[in-house]
Amino acid sequence: DHSKHDHSKHENKSTKLELVDGITIAKIQTSAECDKCKKTLEKAINRLDGIKSSNLDVESRVLTVKFKSDDISLEKIKSVINKTGYDADETKADPKAYDRLPDCCK
């Protein structure tokens, strides 16, 4: 009986990770939804050490981040997304940061 172990609820929330040539590629579901969000979020992530690139697909709201896991952790990346005012998979946006977002991004 596997009904006690329903992982489907958790599965959608965990970040999809892939390793290519020593670079970790994370696909993080965010709450960002316009071009202004895209610029804000990518700028915040690209400033971090260890980040190779970040790209938000506005339609799916998925932020693809390429990074060196020796230099930065996925938790740190998600934390920066939250501090910028957006959800990152299962972690919620910082309410104060969310309040500072332009109206079009809420």
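Taking 18 Å as the limit for the C-alpha separation, the pairs Lys43/Lys66; Lys38/Lys68; Lys16/Lys78; Lys43/Lys83 exceed it in the case of Lys38/Lys68. Computed per residue of the chain from DSSP H runs no shorter than four, each worth -39500 (n - 2.57), the mean residue ellipticity at 222 nm is -8500 deg cm²/dmol.
Rg/Rh, computed from the Cα trace of the chain with Rh as the Kirkwood radius, has the value 1.01.
Under the criterion of Cα pairs below 8 Å and six or more residues apart, the relative contact order for the chain equals 25 percent. Apolar share of the accessible surface for the range 49-103: 44 percent from carbon plus sulfur atoms, 1.4 Å probe. Close amide H partners of Tyr86, meaning residues 5 or more places away or on another chain with modelled amide H under 5 Å apart, are Asp94.
The values are calculated or read from the model by the stated rules, or taken from the named source; none is laboratory data. These numbers come from a predicted model, not from an experiment. The area values use the complete protein model at the heavy-atom level, side chains included, leaving out ligands, DNA and RNA. Shrake-Rupley method; radii C 1.70, N 1.55, O 1.52, S 1.80 Å.
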